[in-house]
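What follows is a short report on a single structure.
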Amino acid sequence: MQGLESEIQSIFERTKDSVVRIKTIVPITDLQKDEVVTEGLSVGTGFFVDGQGHIITAASVLRGADRAVVYWRGRTYEAQCLGSDLRTNLALLKIEAATPSLPAGDPEALKVGSMAFAVGYPLDGPVSAEYGFVSDPSFISGFVSDRNATHLPQFVATSRIRCSARAQPGQSGSPLLNSRGEVVGVVVYALQED
């Protein structure tokens, strides 16, 4: 067990500086009046994918905003949204800074029982690590809709990695890392247990 603990701590220490907290102010619309009635706060996590300040996060963290505030190394940065995709629930942000980055891994190399780690910011807490095991590396999901919905059906990507690492509120957009500290996925949603 001490070896496992040391491995988790090592991966966390190597990767945490490439992970950021993201906050956006999102308008809340009264659908009956078709007007913005107030603003809300959306909080999530993201991670650097190159040395030029590009950040991957979950599109649901932005909730349609084209700008976000990024907190990294004790500083605040205005981030521009370069694009988002609701199908995969991914978004690309950019800050003006030289940054570290996380290496990409091969998600197809994951097998049932492979260790996986999520490094992120739960709510307003400090950066933390969650670990678990891959239970289904090729989890397939389809459209999620409500027959009584008055809006367009929402959908999710068709390829997911199911993992027992517990994602907490604020950790959407966290990198999912393999046992070498390489990105193999992004935390985009959590299945809640009753």
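The values are calculated or read from the model by the stated rules, or taken from the named source; none is laboratory data. Quick caveat, the model's predicted, so the values are computed rather than measured. For neighbour counting, all protein chains shown are included, and Cβ atoms are generated from backbone atoms with ideal geometry for every residue, glycine included. With ligands, DNA and RNA removed, areas are computed over all heavy atoms of the protein, side chains included. Shrake-Rupley method; radii C 1.70, N 1.55, O 1.52, S 1.80 Å.
In table form, for the structure just shown:
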{"item": "Some residue of the stretch 68-91 being at pLDDT 90 or above, touching a Leu at 6+ places or on another chain (Cβ under 6 Å), open to solvent by 50 Å² or more (accessible area, probe 1.4 Å) and in a strand (DSSP E or B)", "result": "yes"}
{"item": "Qualifying residues in the stretch 47-67 (those that are among the hydrophobic types (A, V, I, L, M, F, W, C) and not in a strand (DSSP E or B)) - the one farthest from S18 (Cα to Cα)", "result": "A65"}
{"item": "Selection status of V49, within 19 Å of G173 (Cβ to Cβ), in contact (Cβ under 8 Å) with a residue 24 or more places away in the chain and open to solvent by less than 30 Å² (accessible area, probe 1.4 Å)", "result": "no"}
{"item": "Residue check for L93: hydrophobic (A, V, I, L, M, F, W, C), free of Cβ contacts under 8 Å to residues at least 40 places away in the same chain and at negative phi", "result": "no"}
{"item": "Selection from the stretch 97-108 of residues that are of a type outside the set (D, E) and either under 12 Å from E182 (Cα atoms) or open to solvent by 60 Å² or more (accessible area, probe 1.4 Å) (or both)", "result": "A98, S101, L102, P103, A104, G105, P107"}
{"item": "Total residues in the stretch 127-172, condition among the aliphatic types (A, V, I, L, M), at pLDDT 65 or above and in a loop (DSSP other than H, G, I, E, B)", "result": "3"}
{"item": "Those residues of the stretch 32-57 which are of a type in the set (S, T, Y) and at pLDDT below 90, in sequence order", "result": "T38, S42"}
{"item": "The stretch 92-126, residues that are of a type in the set (D, E, K, R) and modelled with pLDDT under 95", "result": "D106, E108, K111, D124"}
{"item": "Residue count, the stretch 14-31 (criterion: modelled with pLDDT of 80 or more and either closer than 24 Å to E78 by Cβ or surrounded by fewer than 13 Cβ atoms within 10 Å (Cβ to Cβ) (or both))", "result": "10"}
{"item": "Count of residues meeting criterion [open to solvent by less than 10 Å² (accessible area, probe 1.4 Å) and aromatic (F, W, Y)] in the stretch 109-127", "result": "1"}
